[in-house]
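Structure first, then comments.
The values are calculated or read from the model by the stated rules, or taken from the named source; none is laboratory data. Note that the coordinates shown come from a computational prediction; the quantities given were computed from them, not determined experimentally. A quick note on method: Cβ atoms are made from the backbone with ideal geometry, for glycine too, and the neighbour counts reach across all protein chains shown. Just so you know, the surface numbers come from the protein's heavy atoms only, side chains and all, with ligands and any DNA or RNA stripped out. Shrake-Rupley method; radii C 1.70, N 1.55, O 1.52, S 1.80 Å.
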Amino acid sequence: MATYSTEKLHQALKHFFGYDEFRLNQLPVIETVLAGNDVMGIMPTGGGKSICYQLPAMLLPGITIVVSPLIALMKDQVDSLLANGIHAAFLNSSQSPDEQRDVIVNARNGNIKLLYIAPERIPANSSSFIEFLRTLNPSLFAVDEAHCISSWGHDFRPEYLKLAILKQNFPHTPVIALTASADKLTQDDIVQKLAIQRAQVFISSFNRPNIFYYIRPKQNVIGKIAEYILKHQGQCGIIYALSRASTEEVAGKLHAMGIKAAYYHAGLDANERSRVQEGFQKDEYQVIVATIAFGMGIDKSNVRFVIHHDVPKNIEGYYQETGRAGRDGLKSDAILFYSRGDIMKLKRFVTVDGNAEQTNIAMNKLKQMEQFCEADTCRRQYLMQYFGEKFPAYCGSCDYCMSSLEQRDATVDAQKLLSAIVRTGERYGAGYIIDFLRGSQSEKIQEAHKSLKTYGIGKEVKKDEWELLVKQMLNNGFLERTEDQYASLQLNHHSHEILKGETQLMLVMHKGIKDQLTDDEEELAYDEQLMKGLRGVRYELADREHVPAYNILPDNSLVEMATYLPQNDNELKQISGFGDYKVGKYGSHFLRVLRQYAEENKVASKMHLKAPKTTRTAKKPAEPKQPTAGNTQLATLSLFREGMTIPEIAQSRRLSLATIENHIALFVSDGTIEISQLMPQRKLEAIVAALHQSGQTAALKPIKDILGDDYSYGEIKVALDYYRSGRM
Ligand code: ADP
Ligand code: ZN
């Protein structure tokens with residue numbers, strides 16, 4: 001077996017695919033496969049699984065057989081290989097017998113490097129299929145979407161069970177199984193059922209650093225979506241909605257506002273569905289409003305945003321859907337509109353009649369979705385922990401981490417809120433209590449309540465601020481909410497501390513969150529006009545070849561060209577996405593535009609500014625940043641460094657203990673302050689143990705309940721942030 005140096009593999013990656021660097025575990029996976037071993041590779045959607053078998057296929061002699069379940073995706077993959085000058089073909093039920101025969105003849109004659117096969121093509125009588133494979137003498141088997149083999153997975157396909165014959169009949173041919181399923185049971189199942197027990201397993205982090213996560217309250221949602229889309233012209237995205245009717249309604253409204261939107265759901269006939277899908281792929285539509293039926297077969301790498309108009313049923317679904325954004329590695333947004341009303345609606349949806357166990361599982365998943373939306377923590381950290389990865393408490397690229405925190409003393413408001421709850425008998429949900437506090441004239445408010453002294457005492461505070469206060473009081477254990485459909489607010493003994501004035505309540509507010517979404521992008525280093533020209537060239541080439549535009553070149557190749565202005569073939573080769581084949585085939589078309597631009601504007605190539613060997617574009621994708629500590633946090637830090645204790649700082653700054661503890665937590669989780677300066681190891685361990693005992697909840701209260709009065713909320717928060725930052 002030939003060995004390949006890292007250098008050689010890099011060269012091959014550049015030569016065949018035009019990429020400068022391997023992503024995630026691509027390199028070790030490829031080395032393992034080339035050494036003749038079986039591999040199971042687990043990578044998030046968009047992680048670049050295909051290269052893991054496509055590159056070995058190019059280096060190994062003979063043919064690689066790829067089993068892939070999705071016919072639409074198969075065609076797309078084959079097209080993009082062909083666009084790189086690589087001989088690839090597929091066999092599936094969409095072809096006529098003649099077409100299939102042609103493919104088989106070509107494969108036997110050694111004219112095909114990668115042959116994609118749909119699992120249903122494997123006949124029940126496997127011996128004829130095995131004979132067929134023997135005539136091809138394959139060098140490698142790749143099983144894409146390998147979780148389809150497991151009934152534990154979310155997409156079980158019984159035909160996949162036949163794939164055990166691969167290893168059984170070709171024990172010396174390596175098998176590479178690839179999936180994005182993070183579930184351990186599924187992973188074990190894959191190895192078993194493919195009979196590749198000796199496979200080396202590579203698990204990549206599920207973090208998608210280029211996706212920015214935002215959660216917004218669901219108010220005036222169409223207005224907000226439209227505003228976002230209009231600010232992001234030239235970028236495309238997917239909007240997920242729960243029901244077929246609402247996809248049509250939302251698409252209709254956006255359309256009326258002049259946005260190129262179409263809808264997609266399982267109720268459309270097959271023709272209509274592929275028309276919409278193709279329209280999106282060819283950038284004829286800017287947005288598709290869809291149910292979750294949309295996306296499985298979509299391999300569009302430049303989806304710039306995924307918006308959830310409604311709350312998804314579970315985090316797995318949410319993560320998979322948001323994962324369809326930014327597969328090209330460029331900065332992309334995932335925006336979720338959240339309301340408790342949606343959660344209530346979903347409770348009815350996820351109930352499986354006559355199956356208490358399934359209902360229970362689904363309810364729990366929904367509960368975690370709710371916690372994710374309500375938790376006052378880094379969104380990315382929550383997601384990563386959900387999938388079993390440790391992650392620091394600050395990512396710098398979610399709405400939580402990007403908003404500077406502002407605190408204000410909300411003790412008086414909290415007292416008003418609590419009195420309102422008591423006066424109305426602890427029987428009402430947050431919506432009613434807030435309306436009552438704001439003196440709403442609505443008929444919903446009972447007449448008897450309108451004569452109470454507390455009616456209308458909170459007029460001057462805005463509705464969303466009241467909502468924030470309720471949320472934070474719930475999260476921090478100053479308020480309870482019943483689990484029934486009424487979600488009534490009720491007091492606990494901590495509430496009474498606030499009522500009596502024994503505890504001060506600081507409300508943490510995020511400043512300027514709204515602006516992050518619609519603010520104009522940072523100034524770009526390239527000329528929009530030139531970009532338009534390059535897009536035009538790409539469009540013409542795509543049109544001529546009847547392929548989607550990103551098949552010619554991905555978006556970031558255009559961005560790099562517009563930024564660095566390559567002027568000849570050699571310079572073009574340094575642009576990401578330009579393998580040798582594409583430089584030869586398309587180079588001159590782009591160079592014509594680039595040279596003309598340079599001439600007219602009297603500018604020269606800026607290739608010297610491009611760092612060698614990098615796939616990064618002019619606009620760098622987000623790297624985790626240090627938390628943005630505001631002034632108030634820094635003031636706390638400097639007093640702490642002067643040797644003051646936390647209570648002393650609280651007193652000198654006239655802020656609550658809880659507030660100062662929050663500040664300190666931030667510095668502990670980013671490593672500025674050692675945790676040992678704050679609490680003994682014993683306490684730290686007790687808190688972590690309580691976290692596990694409480695079922696890894698994001699809320700502090702269940703943990704506090706286990707630990708009792710010797711532990712303050714602040715201490716718990718500090719310890720948890722520290723633990724979650726992966727420093728322990
Ligand atoms: P997955 O199957 O894991 O969802 P793909 O294999 O479809 O992901 O890859 C996603 C996108 O990333 C594709 O557009 C692919 O061409 C691109 N890609 C893969 N590997 C690299 C790399 N090393 N450098 C740059 N882009 C890459
Ligand atoms: Zn974050």
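So which strands (runs of 3 or more DSSP E) are wholly in the stretch 177-259 and hold at least 2 residues that are in contact with a Cys (Cβ under 8 Å, 6 or more places away or on another chain) and among the hydroxyl-bearing types (Ser, Thr, Tyr)? Quick ask: steps written out before the conclusion?
Numbers: elements: 200-203, 211-217, 236-240.
By residue number, 211-217.
Could you list, ordered by first residue, the pairs with Cβ atoms under 7 Å in which the first is in the stretch 322-348 and under 24 Å from Leu366 (Cβ atoms) and the second is within 16 Å of ligand 1 (Cβ to nearest atom) and open to solvent by 30 Å² or more (accessible area, probe 1.4 Å), at least 6 apart or interchain?
Listed pairs, sorted by first residue: Gly323/Thr45; Arg324/Thr45.
How about the stretch 30-63: which of its residues are open to solvent by less than 10 Å² (accessible area, probe 1.4 Å) and under 25 Å from Glu316 (Cα atoms)? Walk me through it before giving the result.
Residues of the stretch 30-63 that are open to solvent by less than 10 Å² (accessible area, probe 1.4 Å), as a first pass: 30, 33-34, 39-44, 47, 52-53, 55-57, 63.
Answer for the stretch 30-63, where residues must be open to solvent by less than 10 Å² (accessible area, probe 1.4 Å) and under 25 Å from Glu316 (Cα atoms): Val39, Met40, Gly41, Ile42, Met43, Pro44, Gly47, Cys52.
Output the residues belonging to the stretch 702-719 that are part of a helix (DSSP H, G or I) and either modelled with pLDDT under 80 or surrounded by fewer than 18 Cβ atoms within 10 Å (Cβ to Cβ) (or both). I'd like the intermediate steps shown before the answer.
Quick first cut of the stretch 702-719, residues part of a helix (DSSP H, G or I) only: 702-707, 713-719.
Pro702, Asp705, Ile706, Tyr713, Gly714, listed by residue number.
For the structure I just gave you, tell me whether Ala420 is within 16 Å of ligand 2 (Cβ to nearest atom) and in contact with a helix residue (DSSP H, G or I) (Cβ under 7 Å, 6 or more places away or on another chain). Break it down into steps so the answer makes sense when it comes.
Details: within 16 Å of ligand 2 (Cβ to nearest atom): no; in contact with a helix residue (DSSP H, G or I) (Cβ under 7 Å, 6 or more places away or on another chain): yes.
The answer is no for Ala420.
Among (1) surrounded by fewer than 18 Cβ atoms within 10 Å (Cβ to Cβ); (2) outside any helix (DSSP H, G or I); (3) at pLDDT below 85, where does Ala604 come up short?
(3)
If we scan the stretch 17-28, do we find a residue that is basic (Lys, Arg) and in contact (Cβ under 8 Å) with a residue 24 or more places away in the chain?
Residues of the stretch 17-28 that are basic (Lys, Arg), as a first pass: 23.
Remaining after also requiring in contact (Cβ under 8 Å) with a residue 24 or more places away in the chain: 23.
Yes, there is a match, as at least one residue in the stretch 17-28 is basic (Lys, Arg) and in contact (Cβ under 8 Å) with a residue 24 or more places away in the chain.
Quick check: anything in the stretch 349-358 assigned to a helix (DSSP H, G or I) and surrounded by 19 or more Cβ atoms within 10 Å (Cβ to Cβ)? Give the steps one after another, and end with the answer.
We begin by selecting, within the stretch 349-358, every residue assigned to a helix (DSSP H, G or I); these are 349, 356-358.
Filter once more, keeping what is surrounded by 19 or more Cβ atoms within 10 Å (Cβ to Cβ): none.
The answer is no, given that none of the residues of the stretch 349-358 is assigned to a helix (DSSP H, G or I) and surrounded by 19 or more Cβ atoms within 10 Å (Cβ to Cβ).
So, Phe90, is that one closer than 30 Å to Val547 by Cβ and part of a helix (DSSP H, G or I) or not? Let's see the steps before the verdict.
Numbers: closer than 30 Å to Val547 by Cβ: yes; part of a helix (DSSP H, G or I): no.
So Phe90 does not fit the description; no.
Hey, any hits in the stretch 74-96 for a residue that's open to solvent by 60 Å² or more (accessible area, probe 1.4 Å), within 30 Å of Thr186 (Cα to Cα) and either within 16 Å of ligand 2 (Cβ to nearest atom) or small (Gly, Ala, Ser) (or both)? Let's see the steps before the verdict.
Restricting attention to the stretch 74-96, the residues satisfying the condition of being open to solvent by 60 Å² or more (accessible area, probe 1.4 Å) are 75, 82, 87, 93-94.
Now narrow it down to the ones that are within 30 Å of Thr186 (Cα to Cα): 75, 93-94.
Right, trim to either within 16 Å of ligand 2 (Cβ to nearest atom) or small (Gly, Ala, Ser) (or both) and you get 93-94.
The answer is yes; a qualifying residue exists.
For Tyr318, state whether it is open to solvent by 10 Å² or more (accessible area, probe 1.4 Å), among the aromatic types (Phe, Trp, Tyr) and under 20 Å from the mean Cα position of the chain (by Cα). Give the steps one after another, and end with the answer.
Numbers: open to solvent by 10 Å² or more (accessible area, probe 1.4 Å): no; among the aromatic types (Phe, Trp, Tyr): yes; under 20 Å from the mean Cα position of the chain (by Cα): yes.
When the stated conditions are applied, Tyr318 does not pass them.
Is it fair to say Arg216 is within 16 Å of ligand 2 (Cβ to nearest atom), on the phi < 0 side of the Ramachandran plot and basic (Lys, Arg)? Give the steps one after another, and end with the answer.
Details: within 16 Å of ligand 2 (Cβ to nearest atom): yes; on the phi < 0 side of the Ramachandran plot: yes; basic (Lys, Arg): yes.
When the stated conditions are applied, Arg216 passes them.
Hey, among the residues in the stretch 274-296 that are open to solvent by less than 20 Å² (accessible area, probe 1.4 Å) and assigned to a loop (DSSP other than H, G, I, E, B), which one's modelled with the lowest pLDDT?
Ranking the candidates gives Gly295 first.
Of everything in the stretch 132-153, what is of a type in the set (A, V, I, L, M, F, W, C) and open to solvent by 20 Å² or more (accessible area, probe 1.4 Å)? Give them in sequence order. Outline the logic, then answer.
At the first step, the residues of the stretch 132-153 found to be of a type in the set (A, V, I, L, M, F, W, C) are 132-133, 136, 140-143, 146, 148-149, 152.
If the condition is that a residue be of a type in the set (A, V, I, L, M, F, W, C) and open to solvent by 20 Å² or more (accessible area, probe 1.4 Å), then Phe132, Trp152 are the ones that fit.
Exactly one condition in (1) closer than 30 Å to Lys231 by Cα; (2) away from ligand 2 (no atom under 16 Å from the Cβ); (3) of a type outside the set (Asp, Glu) is not met by Ile361; state its number.
(1)
Within the stretch 95-145, work out how many residues are within 37 Å of the chain's Cα centre (by Cα) and more than 13 Å from Ser68 (Cβ to Cβ). Give the derivation first.
Filtering the stretch 95-145 down to residues within 37 Å of the chain's Cα centre (by Cα) leaves 95, 112-122, 138-145.
Then drop every residue that is not more than 13 Å from Ser68 (Cβ to Cβ), which leaves 95, 112-113, 138-140.
Residues meeting the conditions: 6.
Looking at the stretch 558-583, I want the residues that are among the acidic types (Asp, Glu) and at pLDDT below 90 and have a partner that is outside any helix (DSSP H, G or I) and within 16 Å of ligand 1 (Cβ to nearest atom) with Cβ atoms under 6 Å, at least 6 apart or on another chain. Which pairs are those?
From the stretch 558-583, the pairs are Glu560/Ile575; Glu560/Ser576; Glu560/Thr617.
Select from the stretch 669-699 the residues that are assigned to a loop (DSSP other than H, G, I, E, B) and either in contact with a Lys or Arg (Cβ under 6 Å, 6 or more places away or on another chain) or modelled with pLDDT of 80 or more (or both) and list them in ascending order.
Filtering the stretch 669-699 for residues assigned to a loop (DSSP other than H, G, I, E, B) gives 670-674, 678-680, 694-699.
If the condition is that a residue be assigned to a loop (DSSP other than H, G, I, E, B) and either in contact with a Lys or Arg (Cβ under 6 Å, 6 or more places away or on another chain) or modelled with pLDDT of 80 or more (or both), then Ile673, Glu674, Leu678, Met679, Pro680 are the ones that fit.
Mind listing whichever residues of the stretch 537-553 are part of a loop (DSSP other than H, G, I, E, B) and either free of Cβ contacts under 8 Å to residues at least 60 places away in the same chain or crowded, with 22+ Cβ neighbours inside 10 Å (or both)?
Our first condition is that a residue be part of a loop (DSSP other than H, G, I, E, B); within the stretch 537-553, this holds for 546-548, 553.
If the condition is that a residue be part of a loop (DSSP other than H, G, I, E, B) and either free of Cβ contacts under 8 Å to residues at least 60 places away in the same chain or crowded, with 22+ Cβ neighbours inside 10 Å (or both), then His546, Leu553 are the ones that fit.
Looking at the structure I just gave you, is Ala325 modelled with pLDDT of 90 or more, of a type in the set (Gly, Ala, Ser), crowded, with 17+ Cβ neighbours inside 10 Å and away from ligand 2 (no atom under 16 Å from the Cβ)?
Numbers: modelled with pLDDT of 90 or more: yes; of a type in the set (Gly, Ala, Ser): yes; crowded, with 17+ Cβ neighbours inside 10 Å: yes; away from ligand 2 (no atom under 16 Å from the Cβ): yes.
So Ala325 passes the test.
Only one of these conditions is not met by Leu474: (1) closer than 19 Å to Asn662 by Cα; (2) buried (at least 19 other Cβ atoms within 10 Å of the Cβ); (3) of a type in the set (A, V, I, L, M, F, W, C). Which number is it?
The one condition Leu474 does not meet is (2).
Is one or more of the residues making up the stretch 379-390 touching a residue at least 24 places away in the same chain (Cβ under 8 Å), within 16 Å of ligand 1 (Cβ to nearest atom) and open to solvent by 10 Å² or more (accessible area, probe 1.4 Å)? Step through it out loud before you land on a result.
Narrowing the stretch 379-390 to residues touching a residue at least 24 places away in the same chain (Cβ under 8 Å): 379-390.
From what's left, within 16 Å of ligand 1 (Cβ to nearest atom): 387.
Next, from what is left, pick out any that are open to solvent by 10 Å² or more (accessible area, probe 1.4 Å): 387.
Yes.
Could you list, in sequence order, the residues of the stretch 154-205 that are in contact with a strand residue (DSSP E or B) (Cβ under 8 Å, 6 or more places away or on another chain) and open to solvent by 70 Å² or more (accessible area, probe 1.4 Å)?
Gln200, Val201, Ile203, listed by residue number.
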